[in-house]
Amino acid sequence: MSEAQIILSHSRESGIVAIASGEQYPWAHTALAESGFQRDDDGVWHLPAGGTQTTVVDLVTCAKRHRASVHTSSRRFIGDAARDLARLLPGQWHASVEVYAHPAWQKDLVPWIWDSGELGRAVQSERIPYAAVLTDAEQGTTLFFIERTGRQLDYLVGAFSPEGPEGGYGDPHAPRSIVLPPFPGPAAQVLTDRYLPAYEQAVHARQTAAIAAVLGDIRPEHDTWQAMNASDRYSDATPLSAAALGASTELFLDHAWHRFLTVVDHAPTLLDRCRPATSPWPDDAAALSRLADAVIDAEALLDDIVHGGAVPEQERRARAWPAIETWLTDGDAFLRQARLSAPHRRPALPVTAPARPRTAGRPAYRSH
C-alpha cells in the first residue's frame, strides 16, 4: 500500500466524501485540495455544493502526481451509518467522525479502549484510518464504532473507558464488543438489548471493585496508625515522639483522603441502586443512610476545596476523617448491597434523539 491513500465513500447528504490516510497523508491532502475538495471539522473532505465538477478520474490523475493512491469503499460513509444508529438509540446520542490519518494516531487509542473482545484486538492489530464516536453525555457513555475488516458490511462497536486511559485496555471488568449488522434498525436493537446493559453492568462492577480496593487500602494503614497511637511506639517497638506521631497522623489522613476521592466519585450512583429492603440484609438500610450522609459531607468539603478557595490542611483533615471513618466502619454493608444491585435498564426503543455537543475528555483526532 502506498504511503498516502485517499479513501472515497458516498454520503447521503454530501455525495462523494474522501478521507486521507497513510504516513504521508499530507500528499493526499494536497491532491484533494487541488481537486476542489474542502475539509470539514471532522477531517473529512467534501466537494462543495454547486462548486467544481471534479470527477473521480480527475482526482485519480491529480493523486498520482502527488504519489497518493485512490481507493473506493464498498460501504456507505461511516458518518451516515453512525448518525442513523444514534437517532435510534434510547437517550440523547451524538455521533461524530474521527480520522486517524497517521498510523501512530491509532496506536494512541489502545489505552483508551475498554474492551475484552474483537474490537480491542482490531485496534491493536488492524489498520483503522477512521471511525465514529457515539456519545451519550447524560449517561457518560462513549462508544467506538468501526467497520469490521473483511466481514461483508458488518460493524464493530465497543466502549471507551469511562475512567480515562488508566482504566482502559487490560481491565478485567471490560465489556466485550459486539458485531452490528449494517442496517440501523436491527443494529440499534442489538446495541440496546445486548451491549448497553452489559456495558452498564461492567461499569457497576468496576466502580464497586474500585471502592472495595480503596477501603482495602486504607484499612491496614488505619490499623497501623491506631496501634501506634495506642502504644506510642513504631511497629518495631521504637518509642514514638509526639512530633512523629503528629506527622504520621497527617500522612495517614492525607493518603486516606486522596484515596477516598474514588469513593466520593463512584458511591452516589451505586448507593442509588441499592435496595436493602428487598435484599437478604434489610437492616443495612441504616448503614447505607450513614454512608450517603458521609459522601454528602465529603462532597461539600471537595466543593469548598475546588471552588471556595484554600481550605487549611488541618481543617481539611478534621472534616474528611469522619466521612472516611464511616466508610471504614460500614463499608462492608455497602459492598454486599452494591454487588447485589443491578444497573437500571435503559428505556425501550424507539427513541429519537437530538444531537448533543461533544463532551470534554479524551482528545479527538483530526487530520492536520
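The values are calculated or read from the model by the stated rules, or taken from the named source; none is laboratory data. This is a predicted model, so every value here is computed, not measured. Note that each Cβ is placed from the backbone with ideal geometry, even for glycine, and that neighbours are counted across all protein chains shown. Surface accessibility is based on the protein's heavy atoms, side chains included, excluding ligands, DNA and RNA. Shrake-Rupley method; radii C 1.70, N 1.55, O 1.52, S 1.80 Å.
Things worth noting here:
- Of all residues making up segment 271-290, the number that are touching a Ser or Thr at 6+ places or on another chain (Cβ under 6 Å) and assigned to a helix (DSSP H, G or I): 2
- When the residues of segment 341-363 are filtered to those that are open to solvent by 80 Å² or more (accessible area, probe 1.4 Å) and at pLDDT 50 or above, the one that is nearest to E250 (Cα to Cα) is H344.
- Qualifying residue in segment 88-95 (condition: of a type in the set (S, T, N, Q), in contact (Cβ under 8 Å) with a residue 12 or more places away in the chain and within 28 Å of P26 (Cα to Cα)): no
- Residue within segment 55-70 that is more than 28 Å from A159 (Cα to Cα), open to solvent by 50 Å² or more (accessible area, probe 1.4 Å) and touching a residue at least 40 places away in the same chain (Cβ under 8 Å) present: yes
- Elements of type helices (runs of 4 or more DSSP H) in segment 74-161, at least 3 residues being more than 19 Å from W45 (Cα to Cα) and open to solvent by less than 10 Å² (accessible area, probe 1.4 Å): 118-125
- A count restricted to segment 287-302 and to residues that are under 14 Å from W257 (Cα atoms) and free of Cβ contacts under 8 Å to residues at least 40 places away in the same chain stands at 7.
- Index of the failed condition, T30 passing every other in (1) within 20 Å of S96 (Cβ to Cβ); (2) at pLDDT 95 or above; (3) of a type outside the set (D, E, K, R): (1)
- Criterion applied to A338, A287 was being hydrophobic (A, V, I, L, M, F, W, C), open to solvent by less than 30 Å² (accessible area, probe 1.4 Å) and touching a Lys or Arg at 6+ places or on another chain (Cβ under 8 Å), and the one residue passing it is A338.
- When R206, R194 are checked against the criterion of being in a helix (DSSP H, G or I), buried (at least 18 other Cβ atoms within 10 Å of the Cβ) and among the charged types (D, E, K, R), a single residue qualifies: R206.
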